[in-house]
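Right, one structure below, let's go through it.
The values are calculated or read from the model by the stated rules, or taken from the named source; none is laboratory data. Since the structure is predicted, the reported quantities are computational estimates derived from the model, not experimental observations. In this analysis, Cβ positions are derived from the backbone assuming ideal geometry, glycine residues included, and neighbour counts consider all displayed protein chains.
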Amino acid sequence: MCGRFAQYSSRDEYFESFGLKADEIQYDPEPIGRFNVAPGTKVLLLNERDEELHLDPVIWGYGPEWWDKQPLINARGETAATGRMFKPLWNHGRAIVPADGWFEWKKEGNKKQPYFIHHKKNQPLFFAAIGKAPYNKDHGHEGFVIVTAASNKGMVDIHDRRPLVLTAEAVREWLSADTTPERAQEIAHDAALPEKDFTWHPVSRKVGNIHNQSSELVEEIDDPVT
């Protein structure tokens, strides 16, 4: 995790959740409408630049010049702040992915059943992310990764890792250039939503094809793989 997620609400729905006023950021009020966001595509990323909030399209994936493998899409929250690969991004490239939920696949025999995981009250989610700043410039394969946390309190039956979802109240401090790397570690530990705030249901296996983007992909199905 996280290998696929949904970002379909309107920008104002995301922003209103953490108290952002209309005059604090320029954005399109139309729904984003992406029900099947895949790695390697550009994702709208909330970030702070020059003491202002911005929403920029940024490649989901990170592979610096010396990295000879596929770009990484996730970073473990337990080690991202100190490891060689991600420490510079943690210090200077913290961002937020506004989202509505994410997908996980559970193996059932020789098949895999996808599930859509979302907030129990259908509230917007804010995935902690880190990447190559500034985000208004093209850095090639050096985009961003989603920070993940362990799923050890109720969600492990779906997957043992999940996105680090921050509370709405923590978003601005996470993004702020005034927030120290050490304080960001505290936020990641103390301001993450617990597993009990989420629910999930089986969805169509059509989500496995990145070309499928309709709203039916997040709808519960009656005949999951068993």
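For this structure, a couple of remarks:
- Of residues in the stretch 122-154 being charged (D, E, K, R) and in contact (Cβ under 8 Å) with a residue 60 or more places away in the chain, the one farthest from Gln213 (Cα to Cα): Lys132
- Number of the condition not met by Ser9 [criteria: (1) within 24 Å of Val207 (Cβ to Cβ); (2) modelled with pLDDT of 95 or more; (3) of a type in the set (S, T, N, Q)]: (2)
- Checking every residue in the stretch 174-183 against the condition of being out of contact with any strand residue (DSSP E or B) (no Cβ under 6 Å at 6 or more places or on another chain) and acidic (Asp, Glu) gives at least one match.
- Residues of the stretch 180-196 satisfying the condition of being modelled with pLDDT under 95 and surrounded by fewer than 15 Cβ atoms within 10 Å (Cβ to Cβ): His189, Asp190, Pro194, Lys196
- Here the stretch 166-181 is the region considered, the condition is being out of contact with any helix residue (DSSP H, G or I) (no Cβ under 8 Å at 6 or more places or on another chain) and without any contact (Cβ under 8 Å) to a residue 60 or more places away in the chain, and the residue that is nearest to Glu104 (Cα to Cα) is Thr167.
- Neighbours by Cβ (under 7 Å, 6+ apart or cross-chain): first from the stretch 197-226, over 14 Å from Phe103 (Cα atoms) and in contact (Cβ under 8 Å) with a residue 40 or more places away in the chain; second part of a helix (DSSP H, G or I) and among the acidic types (Asp, Glu): none
- Single condition Asn209 does not satisfy, out of (1) surrounded by fewer than 15 Cβ atoms within 10 Å (Cβ to Cβ); (2) touching a Gly at 6+ places or on another chain (Cβ under 9 Å): (2)
- When residues of the stretch 184-211 are limited to those that are assigned to a loop (DSSP other than H, G, I, E, B) and under 19 Å from the mean Cα position of the chain (by Cα), the one nearest to Lys87 (Cα to Cα): Ala191
- A search for C-beta distances below 8 Å between a residue of the stretch 93-115 that is more than 25 Å from Leu44 (Cβ to Cβ) and any residue that is assigned to a loop (DSSP other than H, G, I, E, B) and of a type in the set (A, V, I, L, M), counting only pairs 6+ apart in sequence or on different chains, returns Lys106/Ile158; Glu108/Val225; Gly109/Val225; Lys111/Val225; Lys112/Val225; Gln113/Val225.
- Tally, over the stretch 90-115, of residues that are part of a loop (DSSP other than H, G, I, E, B) and among the polar types (S, T, N, Q): 1
Here's the yes/no breakdown for (1) in contact with a helix residue (DSSP H, G or I) (Cβ under 7 Å, 6 or more places away or on another chain); (2) of a type outside the set (Asp, Glu):
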position: Gly33; (1), (2): no, yes
position: Glu52; (1), (2): no, no
position: Glu65; (1), (2): no, no
position: Ile73; (1), (2): no, yes
position: Met85; (1), (2): no, yes
position: Trp90; (1), (2): yes, yes
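- As a summary of the residue check, Gly83 satisfies the conditions (1) touching a strand residue (DSSP E or B) at 6+ places or on another chain (Cβ under 7 Å); (2) surrounded by fewer than 23 Cβ atoms within 10 Å (Cβ to Cβ); (3) of a type outside the set (Lys, Arg) except for the one numbered (1).
- Checking Gln113 against (1) touching a Lys or Arg at 6+ places or on another chain (Cβ under 7 Å); (2) farther than 22 Å from Lys196 by Cβ; (3) surrounded by 20 or more Cβ atoms within 10 Å (Cβ to Cβ), the condition it does not meet: (3)
- The stretch 125-141 - residue that is buried (at least 21 other Cβ atoms within 10 Å of the Cβ) and touching a Pro at 6+ places or on another chain (Cβ under 7 Å) and, of those, farthest from Tyr62 (Cα to Cα): Phe126
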